[in-house]
Structure formats: C-alpha cells, structure tokens
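Report on one structure; see the data block that follows.
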Amino acid sequence: MRLVTYQSDHGPRVAAVGRHGLVDLNRADNALPSCSKQLLANWAELKPRAEAALESGVGGVRESILLLPPILDPGKVIGVGLNYTDHARETKMTPPDKPVIFCKFPTAVRADGDPIVLPRISQEVDFEAELVVVIGQGGRHIRRARALEHVAAYACGNDVSARDWQHRTPGGQWLLGKSFDSFAPIGPALVTADEIAEPGNLDIQLRLNGRTMQHSNTSQLIFSVDFLIEYVSAVCTLSPGDLIFTGTPAGVGCARKPPVFLKPGDTVEVEIGQLGILTNPVVAEEK
Ligand code: ZN
C-alpha cells in the first residue's frame, strides 16, 4: 500500500493511494488510526482492515489537498555514511568496516514537491539519492534475522548535504551540514514493506534537471538494511516512524570535476525501484 499524509481541516491525517484516488483510512474505518506512525506501528495486524478500507473507496479525499511529509515528526532520522563502496572511493575515503552512523534533525523532513531551500550561509549544497527505511514495530536489541519484521515501509529520500558545513567544521561532526531545514525530503509516498520483495535489489537513481547523476542498485550497499537495524538497535530503541537513510551511491556533486552544487531553479528527482519518484525544486533562502 502507498501511504501519504495530508493536511485536513482538522490537522494532518494519513491516506492511502488506490484505484478510487486518495482514501482517508480512518474515515473509511474508524478502527484504523488517523496518524501514519500509529498505523505503521501495528501494520501487520491492521493491514487487512486497511486494504478493505482502501477497496471500499469510502473516505475519499479530493486530489487538490496539500500533501505533508509522509512521516511528519519522526523521533529519529538516522543517516548512514559511506555505505556504497563506489561512493566511499569517490570521496577518497576507505570503505568502512563498521557503519558510519550520523543524525539529521527531524525538522529537516519535507514532502514530495516541497522546495529544497539553499541556506544563505552555505555555498556547497549537494544531493544524495537514498533508500529510506521506515520503522514500524519498535524495539531494542533487534536480531538481524528478524530485523525486516520491524520495517513497515520504504521511501525515496534525498540526504541533502551542505558540504562546507559537513567537512569544514571542527570535530568532524556531520550533524549541522546534514540538518538545515528542508534537507531531508522523503516520498512521494511510503510503500509498505509487504510490496517490496527485495529491498536489497532496487534500482536507485538521481536526476538533476533531467540529467542522470547517480545510478546504482541497493545490492551495492556495504551494510544491508537488516544489518543496520541490528547495529543501531544495539545502542538505542527504534520507535515507530523512525527513518533510516541508508546511504548514497557514487555520483554526488562534490566528487565531480568540476564540482556540481545545487542552485536556485534546479529540479532534483530520486527514483528507486517501484517506490516512485521524489521530486523537489531548489530555491534560495529568502533574505
Ligand atoms: Zn547520505
């Protein structure tokens, strides 16, 4: 199922995309939650009801509504650095023997169609196509063999990065360079995990103004989704709606000669397997 969050007259609500258009699942069946996090937390149990609700077409939503980020306020936005060998090499880094884990602030999350806003205080804003994992049932010390049971959905993501802030601040911390507002667009929808047979075999590409800049496959991930969930949950509890940006393949702008950075008027598209196309225009921050 493909899930989005939209702005209703009474606040944000989850809707599913079906042959009748968008269906507000809670309006079709009030036993279903109106919030995507709660729905995904119990997705295995709620899926049959959600499918029936979608099929009924009751709770239809007009198409002109405002789409919000499919997960509005994730508790954690976890990033994985250097997780494709070709990308690690292009940035002159050794492919790591343990995952490089960092954080993006949740305020960076945006929807499909929302602008990526270039900060006045950065001159080197770059793109990174990434498979994003959405946690459903939470947990701590999740074993690799059962890790995919904790994945509720997948989405396309763009780990937008201000390279000047990422690399030229003291202490080697990537946090601020990765966390400017609008630097974590995801979408266009969440695609529930039951529809993705092989998360480790998805075509992934990024186009800048129609030109292909990155093209790879998630089979090239150094650390797979199940491994990452075991690794991170050894440290902290994963919660429903947490996002994991799983890393980007080669072709980022800062590794090119000459470098390519985002500029106002650009359009960035991330397309991954059957997850759809995440499209975001690029604008300058207002003075
Ligand atoms: Zn990244």
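The values are calculated or read from the model by the stated rules, or taken from the named source; none is laboratory data. Just so you know, these numbers come straight off a predicted model, no measurement behind them. In this analysis, Cβ positions are derived from the backbone assuming ideal geometry, glycine residues included, and neighbour counts consider all displayed protein chains.
Here are the numbers for this structure:
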read-out: Filter result (in a strand (DSSP E or B) and within 14 Å of VAL191 (Cα to Cα)) within the stretch 131-158; value: LEU131, VAL132, VAL133, VAL134, ILE135, VAL151, ALA152, ALA153, TYR154, ALA155, CYS156, GLY157
read-out: Some residue of the stretch 45-59 being touching a His at 6+ places or on another chain (Cβ under 6 Å) and farther than 25 Å from VAL109 by Cβ; value: yes
read-out: Subset tally (residues that are surrounded by 21 or more Cβ atoms within 10 Å (Cβ to Cβ), at negative phi and either outside any helix (DSSP H, G or I) or more than 13 Å from the ligand (Cβ to nearest atom) (or both)) for the stretch 175-195; value: 12
read-out: Complete set of residues in the stretch 85-130 that are within 13 Å of the chain's Cα centre (by Cα), part of a helix (DSSP H, G or I) and under 19 Å from CYS254 (Cβ atoms); value: ALA108
read-out: Residue selected from the stretch 233-270 under the condition buried (at least 23 other Cβ atoms within 10 Å of the Cβ) and in a strand (DSSP E or B), by the criterion nearest to the ligand (Cβ to nearest atom); value: PHE245
read-out: Some residue of the stretch 88-96 being within 16 Å of the ligand (Cβ to nearest atom), crowded, with 18+ Cβ neighbours inside 10 Å and in the same structural domain as LEU131 (by TED's automatic domain parsing); value: yes
